[in-house]
Amino acid sequence: MWCIAVIACNTFRETLRDKILYNLLFFALLLIGGSVVLGDLTIAEQEKIVTDMGLAAINLVGVIIAIFVGIGLVSKEIERRTVYTIVARPISRWQFILGKYAGLVLTLGVNLLIMGAVFLGTLWMDQVPIHGALFQAVALIFIELLLVTALALFFSTFSSATLSAIMTLAFYVIGHLTADLKGLAAKSQSESLKAVLNALYYVCPNLEVLNIKGQAAMGVAIAWTYQGLASLYGLLYAALLLVAACMVFERRDF
Amino acid sequence: MDAILIENLEKTFLSGWPGRPPVKALAGLSLSVRKGEIYGFMGPNGAGKTTTLKILMGLITATGGHAEMLGKPAGDIQTRRRVGFLPESPYFYDYLTAEEFLRFYGHLAGMSRGDLRRRVDHLLELVGLTEARTRQLRKFSKGMLQRIGLAQALIHDPELVILDEPMSGLDPIGRKQVRDLILSLRDQGKTVFFSTHIIPDVEMICDRVGIVVKGKLLASGRVDELMSHGHTQSVEVVCDGLDPARVEALASSATRLIQQGRRCLFVLPGPEHVDDLLAAIRAHGASLVSVTPQKRSLEELFLEQTDPSGRG
């Protein structure tokens, strides 16, 4: 556990000293603040616009950080050969992977807290009612970020940063379209296309399960059973990806 | 017990592309490093030096043979507590300061805060970076990076230190500092195993050396043994006050003669000719200045062993 914590703290420090993170955070805060202006310009549903845009900004910036920092977590260590001195220490490779993951999750958590606080502050200042559903939506956004980070980390254990970015983005996009994949497969005449679409449906994570931003913006709370099951689904998927990442990394030559 | 024992070590890298032949980096390498000695691991580029060190540190796995460090199989995680490693041309976390960097590696080795504070201070002083302790590594020169790399290899006070090209990129002063550091490690009873291209450094500080070519150990032993083994040493004799007209008569056994006024230098093909020449010099009333056995240099041996034409 100690080694995982040491690697995690170092990863957290690395992201904190990266200027890109601050730019992204600034961008998110700008979007959240900008939602008030946009809300003022609309005639109706002003509250919905403000909450919708705020949640979308939190989600978007979180996913950008998860993907673009996540893909470099391991591949950058290998490319820069910093991994040599780490693997040569008395730590297991899986501890290294989990430490890197925990470090980025910590960064994402802190970012989410900052963005969430600014979001709530914006709502309060704009006199938009703050529902429990908003907290539920942010919690599921965090679960989605955990999953996307695990996806990026998994790809970065065996491919370059660029390739990892492409694959993670592809999985992210497909992950939000899995219901359509199932529908397309049912309508398709070609058996091979049907098989491919069905395979994609079962392999890709269904990220729409974790997307309740629409309901939250309307102030509609979701059932806690759904919240729990959706969270469990996301966490299990992330855990499976982490196990796979550890297995791939264990067998790698540097 | 040997600090390092390698027997018939093999490593073949698959190309990853169909049709391309695999590359055999190690072809049955065997060597041993005794505890408390400095062992220089020499070889041309691509000979398999770094591959050997990587296998020892568990960075890659061997495809055949056996390697162990401090009595445990290579790659054993617990053994790494007792081993320090500096990779070739190291890149480090450049966002860390020198002090944070050493603390990070010390924490990974499980050191306590108190021990770490003392050790960091000591090592920064040892490698001459006390002034730069709060500077980020991205602002370090190559020589400074090499020195902080050495410090991270030593942070947990290891018994065995493995260094891959520790002198590369250093200026003469930096090289001397590293040489002195390696010698001081031996004085503390530690074992040092390092690869290098810089032959004079090996000649100066190593107890034993090994020469690896195409993944095999071609020569290994004490530096003086290797330099004299199997080859006749020449001897240079210098005398003064010899009549120039008589020099030719004495030079029959010499392979080379250099004459400057009444001072002569005779190069004899072997030590067996020395007594005759000295007797002749005395008989001619000249005075002896020096008798110097000429050793074959390690560089000559290295070039012989690595000569692809096999002339060595």
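The values are calculated or read from the model by the stated rules, or taken from the named source; none is laboratory data. Remember, predicted model here, so these are calculated numbers, not experimental data. As a convention, Cβ positions derive from the backbone with ideal geometry for all residues, glycine included, and neighbour counts pool all protein chains shown.
The table below gives the values:
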quantity: Conditions (1) closer than 25 Å to A:Asn59 by Cβ; (2) crowded, with 17+ Cβ neighbours inside 10 Å; number of the one not met by A:Thr225; calculated: (2)
quantity: Number of the exception - A:Tyr201 against (1) surrounded by fewer than 17 Cβ atoms within 10 Å (Cβ to Cβ); (2) at pLDDT below 95; calculated: (1)
quantity: Test set (1) surrounded by fewer than 23 Cβ atoms within 10 Å (Cβ to Cβ); (2) within 14 Å of another protein chain (Cβ to nearest Cβ); (3) touching a residue at least 40 places away in the same chain (Cβ under 8 Å) - B:Met69 fails condition number; calculated: (1)
quantity: Leading residue by the ranking (nearest to the other protein chains (Cβ to nearest Cβ)) among those in the range A:78-103 that are surrounded by 20 or more Cβ atoms within 10 Å (Cβ to Cβ) and out of contact with any Phe, Trp or Tyr (no Cβ under 8 Å at 6 or more places or on another chain); calculated: A:Ile91
quantity: From A:Ile71, A:Ile49, residue being more than 16 Å from the chain's Cα centre (by Cα) and either more than 14 Å from chain B (Cβ to nearest Cβ) or touching a residue at least 40 places away in the same chain (Cβ under 8 Å) (or both); calculated: A:Ile49
quantity: Given (1) within 11 Å of chain B (Cβ to nearest Cβ); (2) assigned to a helix (DSSP H, G or I); (3) buried (at least 23 other Cβ atoms within 10 Å of the Cβ), index of the condition A:Ile32 fails; calculated: (1)
quantity: Top-ranked residue in the range B:129-152 [being out of contact with any Ser or Thr (no Cβ under 7 Å at 6 or more places or on another chain) and β-branched (Val, Ile, Thr); ranked as farthest from the other protein chains (Cβ to nearest Cβ)]; calculated: B:Thr130
quantity: Filtered residue count, the range B:57-66, keeping only those that are assigned to a loop (DSSP other than H, G, I, E, B) and either more than 8 Å from chain A (Cβ to nearest Cβ) or in contact (Cβ under 8 Å) with a residue 12 or more places away in the chain (or both); calculated: 6
quantity: Residue satisfying all of: in the range B:76-89; within 7 Å of chain A (Cβ to nearest Cβ) and either within 25 Å of B:Met42 (Cα to Cα) or touching a helix residue (DSSP H, G or I) at 6+ places or on another chain (Cβ under 8 Å) (or both); surrounded by the most Cβ atoms within 10 Å (Cβ to Cβ) among these; calculated: B:Phe85
quantity: Test result for B:Gly36, closer than 22 Å to B:Leu181 by Cα, in contact with a helix residue (DSSP H, G or I) (Cβ under 8 Å, 6 or more places away or on another chain) and surrounded by fewer than 24 Cβ atoms within 10 Å (Cβ to Cβ); calculated: yes
quantity: Any chance B:Leu31 is surrounded by fewer than 15 Cβ atoms within 10 Å (Cβ to Cβ) and among the hydrophobic types (A, V, I, L, M, F, W, C); calculated: no
quantity: Looking only at the range B:94-128, and only at residues there that are away from chain A (no Cβ under 14 Å), surrounded by fewer than 20 Cβ atoms within 10 Å (Cβ to Cβ) and of a type outside the set (Lys, Arg), the one that is farthest from B:Ile155 (Cα to Cα); calculated: B:Gly128
